[in-house]
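The values are calculated or read from the model by the stated rules, or taken from the named source; none is laboratory data. Quick caveat: nothing in here was measured; it's all calculated off a predicted structure. Neighbour counts run over all protein chains shown; Cβ positions are idealised from the backbone, glycine included.
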Amino acid sequence: MTAVIHHIENKEMALREIYRVSKKGRKCVIMTFSHSGIKKHITRDFPGVVAIDLKRIPSVPLLKKTMTMIGFRDVHYHVVQLDEGYIPTNEYLRRVRNKYMSTLTLLSEEDFQRGFKIFKDRVEKKYGNRIRKISRFVFIDGRK
């Protein structure tokens with residue numbers, strides 16, 4: 001599952017179903033985001049986004065606990081960091097304006113427009129004309 005778990009309403013039921021249909025010895029791998037990573041991500045400067053993501057994205061410890069409770073063995077996680085180098089600030093702002101993150105689609109259009117104006121000012125002031133794009137992903141896996 002790549003950046004999917006937060007879109008599922010009943011996460012435990014989904015994980016139970018994955019466990020049920022998996023063959024013995026197979027792995028379930030979930031790619032997600034850590035709460036500390038959410039708080040550090042550039043979009044923390046977009047009003048309301050951090051609160052939304054902390055509410056809908058389960059924490060790594062909670063996912064590990066749930067997977068273990070269901071019956072997955074050897075449940076662990078690791079973080080992968082991808083340094084994509086620098087991108088022009090206006091390119092990143094274009095992505096945000098186009099709501100490249102599902103979180104941004106959860107805001108009303110009025111809240112998005114108001115937030116985007118604040119975000120744009122903050123980002124331009126903080127980063128100038130280019131942003132270092134470093135992505136951090138958490139992989140949690142367990143074996144049936």
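General observations
- Residues in the range 100-115 that are polar (S, T, N, Q) and closer than 15 Å to Asp45 by Cβ: Thr103 only.
- Of all the residues in the range 66-117, those that are among the aromatic types (Phe, Trp, Tyr), in contact with a strand residue (DSSP E or B) (Cβ under 7 Å, 6 or more places away or on another chain) and either closer than 30 Å to Leu15 by Cα or in a loop (DSSP other than H, G, I, E, B) (or both) number 2.
- Filtering the range 32-53 to residues that are aromatic (Phe, Trp, Tyr) and more than 16 Å from Lys133 (Cα to Cα) leaves only Phe46.
- Beta carbons closer than 8 Å, at least 6 apart along the sequence or on distinct chains, pair a first residue in the range 30-49 that is within 21 Å of Leu15 (Cβ to Cβ) with a second that is small (Gly, Ala, Ser) for Met31/Ala3; Thr32/Ala3; Phe33/Ala3; Ser34/Ser59; His35/Ser59.
- Residues that are assigned to a strand (DSSP E or B) and under 17 Å from Arg73 (Cβ atoms) within the range 1-47 comprise Lys27, Cys28, Val29, Ile30, listed in sequence order.
- Members of the range 99-133 that are more than 15 Å from the chain's Cα centre (by Cα), without any contact (Cβ under 8 Å) to a residue 12 or more places away in the chain and either surrounded by 15 or more Cβ atoms within 10 Å (Cβ to Cβ) or closer than 27 Å to Ser59 by Cα (or both): Ser108
- Scanning the range 69-82 finds no residues that are among the charged types (D, E, K, R) and in contact with a Ser or Thr (Cβ under 9 Å, 6 or more places away or on another chain).
- Per this entry, Thr66 is counted among residues that are more than 28 Å from Lys99 (Cα to Cα), crowded, with 17+ Cβ neighbours inside 10 Å and at pLDDT 95 or above.
- Considered as a group, the residues in the range 1-55 that are loosely packed, with under 15 Cβ neighbours inside 10 Å and β-branched (Val, Ile, Thr) include one that is farthest from Gln113 (Cα to Cα), and that residue is Val21.
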